[in-house]
Amino acid sequence: MPGTDGSPGGATRPAVEFRPTRRLERSPHAARLLASANRVALAFPELSGTVRLDLLPSASRYRGLTFVTERPPRVAVRPHTRTPVALHATLAHEFVHLLQHPLGPLPGGERSCDLFALARVGRAFPHPPAYLRLPREVARTWDRWAELAEHLARESIEARERGERRYIVGWERRLREEVRRLGRAPVPVVPQGRIGRVGTPEGAPGSPPQGPGTPAAGAGELSRTRPTDSRIQ
């Protein structure tokens with residue numbers, strides 16, 4: 001059973017080793033970032049080997065960037081993330097990039113990245129995902145819908161494993177339907193027994209890379225894929 005942050009209940013140490021860069025080692029944020037990375041990585045048991053952790057400049061427009069062509073790959077985050085929860089959501093997004101093509105079996109693209117991160121630790125997201133198309137009500141009152149959005153993300157990824165290629169659009173459609181159905185009534189709590197860890201889809205049908213979606217209102221700063229210098233957020 002995953003914890004409230006998406007981590008598997010039984011695991012205590014991730015399989016991946018995080019190695020701080022010299023810049024991070026000199027930073028007062030080092031201990032906090034390493035602790036958060038190890039905690040969030042429990043929700044990504046497919047990650048293994050070594051990943052370098054680094055800091056972005058405080059004034060960076062990005063919350064995080066992943067350098068997938070470096071060996072070992074490097075994940076850099078902005079140091080002054082407002083809350084530990086916000087840091088967890090940023091790290092989850094970056095860890096999905098480490099599992100996307102060409103490093104891993106997950107489909108590429110920011111929209112796919114958002115959905116897979118949402119399925120793992122969606123309840124820990126302090127704000128709605130930036131690249132998925134959301135109803136205005138969800139963007140405005142994300143806390144109310146986060147658990148349901150995570151549950152639907154898990155179901156959409158299961159649909160992908162069964163061969164559904166439009167699983168991202170399917171998630172967006174189902175969320176709209178639920179919002180229309182529930183309106184302003186209390187959102188039902190998803191039974192914990194129905195939420196299991198999403199495994200990496202071995203040999204699942206591929207999905208074409210998704211382009212960035214329209215950012216949700218209030219979603220915060222956006223990230224961009226930069227294939228020319230292999231930096232991904």
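The values are calculated or read from the model by the stated rules, or taken from the named source; none is laboratory data. Keep in mind it's a predicted model, so treat the numbers as computed, not measured. A quick note on method: Cβ atoms are made from the backbone with ideal geometry, for glycine too, and the neighbour counts reach across all protein chains shown.
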Restricting attention to segment 19-38, which residues are touching a helix residue (DSSP H, G or I) at 6+ places or on another chain (Cβ under 7 Å), touching a residue at least 24 places away in the same chain (Cβ under 8 Å) and within 16 Å of PRO84 (Cβ to Cβ)? LEU33, SER36, ALA37
Looking at SER112 and the list (1) modelled with pLDDT under 95; (2) assigned to a helix (DSSP H, G or I); (3) surrounded by 14 or more Cβ atoms within 10 Å (Cβ to Cβ), which single condition is not satisfied? (1)
Scanning for something farther than 19 Å from PRO57 by Cβ, basic (Lys, Arg) and modelled with pLDDT of 95 or more, does segment 25-40 turn up at least one residue? no
Within the bounds of segment 44-59, is there any residue that is under 11 Å from the mean Cα position of the chain (by Cα) and either farther than 30 Å from GLU178 by Cα or in a loop (DSSP other than H, G, I, E, B) (or both)? yes
When restricted to ALA149, ALA153, the only residue over 18 Å from LEU91 (Cβ atoms) and hydrophobic (A, V, I, L, M, F, W, C) is ALA149
Any residue in segment 84-91 that is buried (at least 20 other Cβ atoms within 10 Å of the Cβ) and either acidic (Asp, Glu) or modelled with pLDDT of 90 or more (or both)? yes
Subset of segment 132-147 [surrounded by 24 or more Cβ atoms within 10 Å (Cβ to Cβ) and under 17 Å from ARG63 (Cβ atoms)]: LEU132
With respect to GLY10, is the statement that it is touching a helix residue (DSSP H, G or I) at 6+ places or on another chain (Cβ under 8 Å) and modelled with pLDDT under 95 true? no
Among what's in segment 55-66 and is in contact with a strand residue (DSSP E or B) (Cβ under 7 Å, 6 or more places away or on another chain) and over 15 Å from ALA92 (Cα atoms), pick the residue that is surrounded by the most Cβ atoms within 10 Å (Cβ to Cβ). LEU55
